[in-house]
1. Of everything in the stretch 179-194, what is touching a strand residue (DSSP E or B) at 6+ places or on another chain (Cβ under 8 Å), more than 20 Å from VAL23 (Cα to Cα) and open to solvent by 20 Å² or more (accessible area, probe 1.4 Å)? Give them in sequence order.
2. Output the residues belonging to the stretch 169-185 that are in contact with a Ser or Thr (Cβ under 8 Å, 6 or more places away or on another chain) and either within 16 Å of the ligand (Cβ to nearest atom) or among the basic types (Lys, Arg) (or both).
3. Is there any pair with a first residue in the stretch 21-42 that is over 17 Å from GLN54 (Cα atoms) and a second that is within 11 Å of the ligand (Cβ to nearest atom) and among the β-branched types (Val, Ile, Thr) whose Cβ atoms are under 8 Å apart and which are 6 or more apart or on different chains, and what are they?
4. Let me confirm something: among ASP73, ASP45, which residue is more than 30 Å from MET244 (Cβ to Cβ), more than 16 Å from the ligand (Cβ to nearest atom) and open to solvent by 50 Å² or more (accessible area, probe 1.4 Å)?
5. Scan the stretch 6-30 residue by residue and report those that are within 16 Å of the ligand (Cβ to nearest atom) and open to solvent by 70 Å² or more (accessible area, probe 1.4 Å).
6. Restricting the search to the stretch 114-139, which residues are away from the ligand (no atom under 15 Å from the Cβ), surrounded by 18 or more Cβ atoms within 10 Å (Cβ to Cβ) and not charged (D, E, K, R)?
7. What is the residue count in the stretch 48-61 for residues that are within 11 Å of the ligand (Cβ to nearest atom) and among the aromatic types (Phe, Trp, Tyr)?
Amino acid sequence: TAAGGTSEGPKALDELVVGFAQVGAESGWRTANTKDIQAAFKDADIELKFSDAQQKQENQIKAIRSYIQQGVDYIAFSPVVETGWDAVLNEAKAAGIPVVLTDRAVDSKDDSLYVTFLGSDFIEEGKKAGEWVVDEFADADKVNIVQLEGTTGAAPAIDRAEGFAEVIGADDKFEIVASQTGDFTRAGGKQVMEAMLKSNPDIDLVYAHNDDMGLGAIEAIEAAGLVPGKDIKIVTVDAVHDGMQALADGKINFIVECSPLLGKQLVDVISTLNDGGTPEKRIVTEETTFTQEQAVEALPDRQY
Ligand code: GYE
């Protein structure tokens, strides 16, 4: 069958073919994620077909259809947005090809369309960012926040906004005065921040859904003659190298970690399936948070 070892016993790992449909190369996180997945499959001696959808759902759907046509054993993908996957996932199901979601979830009523979802708890990440803000501004009377959102419709953008709003919503001194997507890119973060600085004279805090947008915001803040990390505080999510460097340099104030190192776990899921086993339906990535001091300490040992 196309579906690995399920009915004919396990295949040798070097006979397996896995198709991976990546979101794009929009951020430092994504680059680290791609590298880690490619390295893990190489180590395991499993063939990986890789495609980059350039942040477009239609490209990802095309890539998945092409993997189905090629009769790969498994498909893994990180859905650029949450909705609109049922049709193509039903095609994979009909072809007997198990699908693994990595990093981002789909919003579908039918959870038989995928084997497992392997990745972070983005609501929790948003809450951790919010909790830091509540502590940091404990003595303030009014806190004007601007939010740089991730890709519209993407699980991490939706959930990081939700978790954050829930925590800061408990005190009405916190106000999100502007919120707009920067598409998880540095250029997007910079452009949106420039516009926000023009229309909002009194910004206390930037909450960016990833490091790259925070790094773009730093450029805009400096260009406006303000000091990032002091005049305007910044909290981001990811903890990739450049973000951690900016945190250690005092330009970012706090980072919630989101680990891109999903390769080994994805290989484990594939080999469990190949052996006829059933992986957990949800595999949550473990992660921490970093202050400026912790970033200085952690930086030398970071892998990405
Ligand atoms: O935080 C961001 C990337 O899906 C968790 O996508 C991922 C997010 C990550 O572009 O940097």
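1. Step one: list which residues in the stretch 179-194 are touching a strand residue (DSSP E or B) at 6+ places or on another chain (Cβ under 8 Å), which gives 179-182, 188-189, 192-193.
Within this subset, residues satisfying the condition of being more than 20 Å from VAL23 (Cα to Cα) are 179-180, 192-193.
Across the stretch 179-194, the qualifying residues are SER179, GLN180.
2. Filtering the stretch 169-185 down to residues in contact with a Ser or Thr (Cβ under 8 Å, 6 or more places away or on another chain) leaves 178, 181, 183-185.
Selection gives THR181, ASP183, PHE184, THR185.
3. Within 8 Å, the pairs are ILE37/THR102.
4. Numbers: ASP73 fails: open to solvent by 50 Å² or more (accessible area, probe 1.4 Å).
After applying the criteria, what remains is ASP45.
5. Initially, the stretch 6-30 is screened for residues within 16 Å of the ligand (Cβ to nearest atom), giving 20-30.
ALA25 - this is the single residue of the stretch 6-30 that is within 16 Å of the ligand (Cβ to nearest atom) and open to solvent by 70 Å² or more (accessible area, probe 1.4 Å).
6. Kept after step one, since they are away from the ligand (no atom under 15 Å from the Cβ), are these residues of the stretch 114-139: 114-116, 127, 130-139.
Of the ones still in play, those that are also surrounded by 18 or more Cβ atoms within 10 Å (Cβ to Cβ) are 114-116, 127, 130, 132-133, 137.
If the condition is that a residue be away from the ligand (no atom under 15 Å from the Cβ), surrounded by 18 or more Cβ atoms within 10 Å (Cβ to Cβ) and not charged (D, E, K, R), then TYR114, VAL115, THR116, GLY130, TRP132, VAL133, PHE137 are the ones that fit.
7. Looking only at the stretch 48-61, we keep the residues that are within 11 Å of the ligand (Cβ to nearest atom), and these are 55.
Subset that is among the aromatic types (Phe, Trp, Tyr): none.
Residues that pass the stated criteria total 0.
The values are calculated or read from the model by the stated rules, or taken from the named source; none is laboratory data. Quantities reported herein were computed from a predicted structural model and do not represent experimental measurements. Positions of Cβ are backbone-derived with ideal geometry, glycine not excepted, and every protein chain shown enters the neighbour counts. Note: areas computed on protein heavy atoms with side chains; ligands, DNA, RNA excluded. Shrake-Rupley method; radii C 1.70, N 1.55, O 1.52, S 1.80 Å.
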